[in-house]
Amino acid sequence: MRTFLLSITFLLGSFWAVSSNHAIEETGQPKHETTSHSEEFNAGNMIIDHIVDSHDWHIASFGHTHFTIPLPIILIDEGQLMVFSSAKFHHAEESYKGYKIETDRKAGKGKIVKVIPGTMETDKTASRPIDLSITKTVIGIFITFIVLLIVFFQVAAAYKRNAGHAPKGLQSLLEPLILFVRDDIAEPSIGKHYKKFMPFLLTLFFFIFFSNLIGLFPFFPGGANVTGNISVTLVLAVFTFAITTFIGNRSYWLHIFNPPGVPWWLKFPLPLLPLIELAGVFIKPFVLMVRLFANITAGHIIVLGFVSLIFIFANMNPALGYGVSPVSILFSVFISLLELLVAFIQAYVFTMLSALYFGMATEEHEHSTEKSH
Amino acid sequence: MELVSPGIGLIFWMTLAFGLLLFILGKFVWPPVMRGLHDREQAIEQALHEADKARKEMQDLRFSNEQLLREAKDERDALLRDARKVRETIIEGARVKANEEANRIIENATERIQFEKMAAITDLKNQIANLSIEIAEKVLGEELSNPEKDKDIVRKSIGGITLN
């Protein structure tokens, strides 16, 4: 069952990784031809703007009226802390206190940069401020955080109240998942010491799973592309990496720096295998980071792509746009349903692989038998 | 490329949020959840185990009941058999004893009869002697001078006669 799930995941993952690359490359090209304030619909820009982080939460636009929730900007520049609302930038059209939101994609669109005083030109010589703003993704993280706390405090209370009885309500909804993490992820991967990793694995699993689900919900307060943001997956992967490195026992490090059962010339004079093993230590969390990011981002890109089709065809001819929309919506719904599956699978894979790495790091090797094969 | 370049602010907030989440859930939520699950599993396992044990005990009880019944039956049979044997021995013993007694009585009687017979014979012999003398006196018509001496003669002659 697990191998089946894993193979499906990798298959889907590679497929979407490829499609996402296409989407990103395609968006790069037409952008140079159109001006930034063009009325013409640009699918690539629209999609990228939807999946990357931003300093305000865009809810809807009617013509030129944008309904957005301004979010706090927190900057540390040359040891000075500055906090103000992103509404001061007027949708990146104005500068405030010598800062503006970069609009040029090449210079890093969406980043906060300094301007040459009196103009709207980016001051390329000035250092960039440290941007600790509460962005859309940060709000998304907080929403997941609050949802998780509300849900799981209730579940924990239910476990105390229903001690020894059958689960009820929310508890019975989540118990299969908790048991899944414990019995199908942690115990088989880690072995008898699995218990001390359960808090991390459960938190990890439910954070990813809930973020993915909330990210699929298309309206506020859903829709923030939390797990499709590389910074988020980076932090998650770093947690896994840090725990693996911290708990790694003697035999784990021995297997990296002096792998037993391989010819000596692979280790001396050129430590080829130890180098590869050492690289693997870093590649594993890196792959974790990229896999989750790519899968979730790709899912969002495809859904947005199908929606964009309507507007692309409508730009050619409004009737064509109406004609294409049922098909487009149908495909979007289909992909969204698929994404529900992916939301679970990616949470599973990330947790599963983390558990496997913990298992490897804490495994007790029998060296006498290890050398024989 | 903004899509794949991590931002310091987001990393900061994510680390903070996830670390805090890990701490809160790890301290207040997962321990009771895991303990609840473990306890319930334990309770179910124990209940199953106890049911199994009870069933086995029931079976053992039934088995031992049957055993008891069988043993009781065997014992009853043995008792009956013993009683029958005892009865037979008693009857046999009584019969033997009665036989012996009868034999003894018969023997006694025989002995007595023999004795009486001997007494009677002796008496008869004396009577005959007296009669004989009287007859002889009558026959001779005179009394013998010495009747005592005659009696002895007669007794001696009769003693020679065996009546048996």
Here Rg/Rh (Cα, Kirkwood) for region A:108-180 equals 1.41
Karplus ³J(HN,Hα) for region A:331-337 (6.51 cos²θ - 1.76 cosθ + 1.60, θ = phi - 60°; Hz, whole; x = Gly/Pro) runs 5, 4, 5, 4, 5, 4, 5
Could you work out the Kirkwood radius for region A:37-88, taking every pair of different alpha carbons, averaging 1/r and inverting it, reported in Å? 13.2
A correct Stokes-Einstein calculation for region A:237-276, using the alpha-carbon Kirkwood radius, 37 °C and 0.692 mPa s, returns a whole-number D in µm² s⁻¹ of 293
Is the C-alpha gyration tensor of the protein assembly as shown telling us rounded, prolate or oblate? Criteria: a/c under 1.5 is rounded; beyond that, a/b larger than b/c is prolate, otherwise oblate. prolate
What does the net charge come to around A:Pro70 if you take all other residues with beta carbon closer than 14 Å to its beta carbon, with K and R at +1 and D and E at -1? -1
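Could you tell me which of the pairs A:Lys97/A:Lys124; B:Lys117/B:Lys151; A:Lys97/A:Lys136; A:Lys160/A:Lys192; A:Lys168/A:Lys195; A:Lys168/A:Lys284 are separated by over 28 angstrom between their Cα atoms in the structure shown?
Working: A:Lys97/A:Lys124 17 Å; B:Lys117/B:Lys151 23 Å; A:Lys97/A:Lys136 22 Å; A:Lys160/A:Lys192 26 Å; A:Lys168/A:Lys195 24 Å; A:Lys168/A:Lys284 39 Å.
In this structure, A:Lys168/A:Lys284 lie more than 28 Å apart at Cα.
Quick one: divide the alpha-carbon radius of gyration of region A:56-134 by 2.2 N^0.38 Å and tell me what you get.
It is 1.10.
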Identify all aspartates and glutamates with a Cα-Cα distance to B:Lys85 below 18 Å; exclude those on the same chain that are fewer than 8 residues away in sequence. B:Asp74, B:Glu75, B:Asp77
Translational diffusion coefficient (Stokes-Einstein; Kirkwood radius from C-alpha pairs) of region A:262-338 at 37 °C, 0.692 mPa s, in µm²/s: 204
May I ask for the distance between the Cα centers of region A:259-290 and region B:93-129, given as a whole number of Å? 132
Could you give the alpha-carbon Rg of region A:159-220 over 2.2 N^0.38 Å, rounded to two decimals? 1.33
Computed over the Cα atoms, what is the radius of gyration of region B:29-132 divided by 2.2 N^0.38 Å, N being its residue count? 3.40
Under a 5 Å amide H to amide H cut-off, with H placed in plane at 1.01 Å, what residues pair with A:Ile73 once short-range neighbours are removed? A:Phe84, A:Ser85, A:Ser86
Which distance in Å, rounded to a whole number, links the C-alpha centroids of region B:15-58 and region A:171-190? 12
When the Karplus curve 6.51 cos²θ - 1.76 cosθ + 1.60 is applied with θ = phi - 60°, which whole-Hz ³J(HN,Hα) does each residue of region A:236-243 get, with x for Gly and Pro? 4, 5, 5, 4, 4, 4, 5, 5
Which percent of the Cα-Cα distances in region A:119-246 go past 20 Å? 59
Helix A:2-33 axis, angle to chain A major axis (alpha carbon atoms, nearest 10°): 30
Whole-angstrom gap from region A:293-364 to region A:53-125, using each part's C-alpha centre: 29
Whole-angstrom Cα spans of region A:136-370 along principal axes, big to small: 74, 54, 28
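Quick note: the coordinates plus some simple rules give every number you see, no bench work behind them. Just so it is clear, the structure is predicted and the values come from calculations on it, not from any experiment. Don't worry about glycine lacking a Cβ; one is built from the backbone with ideal geometry, like all the others, and counts go over all protein chains shown.
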